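These notes concern the structure reproduced below.
Each value in this text was obtained by applying a stated rule to the coordinates, not by laboratory testing. Keep in mind that what you see is a predicted model, and the values were worked out from it rather than measured. Note that each Cβ is placed from the backbone with ideal geometry, even for glycine, and that neighbours are counted across all protein chains shown.
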Amino acid sequence: MSMKRKLILPIDRGSPLPIYYQLKEALKQQIESGALKPHDRMPSERELEEAYHISRMTARRALAELEAEGYIYRVQGKGSFVAEPKVRQGLLWLTSFTEDMRGRGMRAGAKVLRAEVVKDERVARRLGLDPAEEFVMLQRLRLADGKPMALETSYLRRHFCPGLEKYDFTDRSLYRTLQEEYGLRLGRAEQTVEAKVADEFEAELLGVKPGTPMLSMERITYLDDGQTPIEFVRSVYRGDRYKLYVELKRR
Ligand code: 16G
């Protein structure tokens, strides 16, 4: 592809903004506007260097940051390509991962890492429960169309759902199981979201480089009486695949 003809990006050498940054923002704009489409090949470092008379370092830095922010992905020996747009997750409804993925035409799945009965004082304390409370701990790598999206560690109060650890959650929704097998109706949840970077364990499981930006979430889910906690969850979502969406009203 001749990038010289196709992409003419505005680079202003008189600007106080660094050249690499201008180049990165201009490329980002091409991606966001759809001029560059998912899986299109990006110009190589060399093509950028020649087209804009910039140093290789400058081109490399722009591409490296686009990669870290999830706009492009690299294939060893083939170059960089435009990534699929991020999954936009609304924060209004108490939905399950399975429902979230289905809503976008993707198939939800999981690789079950742990499913066992545990006691955990810190989790019990977070839920305002006796430290001796037993939980079914379920740790799953969540997949969308077979691709890793999130690492999710859930603690369910065991006496509400005894034997939950025996189900195979590879292709099964936890929320649906709570409802259909145990007659539990979920009412509401409290959730926090924080930024973090992937540690080595998360990076390996999720197929990203250590240090990739992540969205770290905690959720406490209550039954439909609105006050009985049933679930505590810690999840780490790929920041390069996810963005959160909230609607705000002016008072
Ligand atoms: C979501 C929830 C998680 C819940 C899971 C159930 C967040 C941060 N987490 O991923 O709390 O356990 O859905 O999904 O949104 P499932 O019914 O598909 O197993």
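The figures follow:
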{"quantity": "Segment 3-82, dipole about Cα centre (Lys/Arg Cβ +1, Asp/Glu Cβ -1), debye to the nearest 20", "calculated": "260 debye"}
{"quantity": "Choice from 186, 92, 63 with maximal GNM fluctuation in the chain (Cα, 10 Å cutoff)", "calculated": "92"}
{"quantity": "Most positive-pole-ward Cα, 27, 117, 77, against dipole of the chain from beta carbon charges", "calculated": "27"}
{"quantity": "Inter-site label distance for residue 86 and residue 122 at 7 Å from Cα along Cβ, in nm", "calculated": "2.6 nm"}
{"quantity": "Pairs from 78/196; 78/209; 209/249 whose Cα-Cα separation, in the structure shown, is over 28 Å", "calculated": "78/196; 209/249"}
{"quantity": "Set of aspartates and glutamates near residue 243 by C-alpha distance (under 15 Å), chain-local residues within fewer than 8 positions excluded", "calculated": "32, 69, 84, 100, 194"}
{"quantity": "For residue 223, residues with placed amide H under 5 Å, excluding near neighbours", "calculated": "187, 228, 230"}
{"quantity": "Cα-based radius of gyration of segment 115-186 once divided by 2.2 N^0.38 Å, which approximates compact folds", "calculated": "1.16"}
{"quantity": "Using alpha-carbon coordinates, inclination of helix 56-68 to the longest axis of the chain, degrees", "calculated": "20 degrees"}
{"quantity": "Alpha-carbon gyration tensor eigenvalues x 5, square-rooted, for the chain, Å", "calculated": "43, 18, 16"}
{"quantity": "Cut-off under 5 Å, modelled amide H: who pairs with residue 127 long-range", "calculated": "none"}
{"quantity": "For segment 151-251, the spread of Cα positions along each principal axis, largest first, Å", "calculated": "46, 40, 19"}
{"quantity": "Estimated vicinal HN-Hα couplings, Hz - segment 12-29 in sequence order (Karplus 6.51, -1.76, 1.60; Gly, Pro = x)", "calculated": "10, 6, x, 6, x, 6, x, 4, 4, 5, 4, 5, 4, 5, 5, 5, 4, 4"}
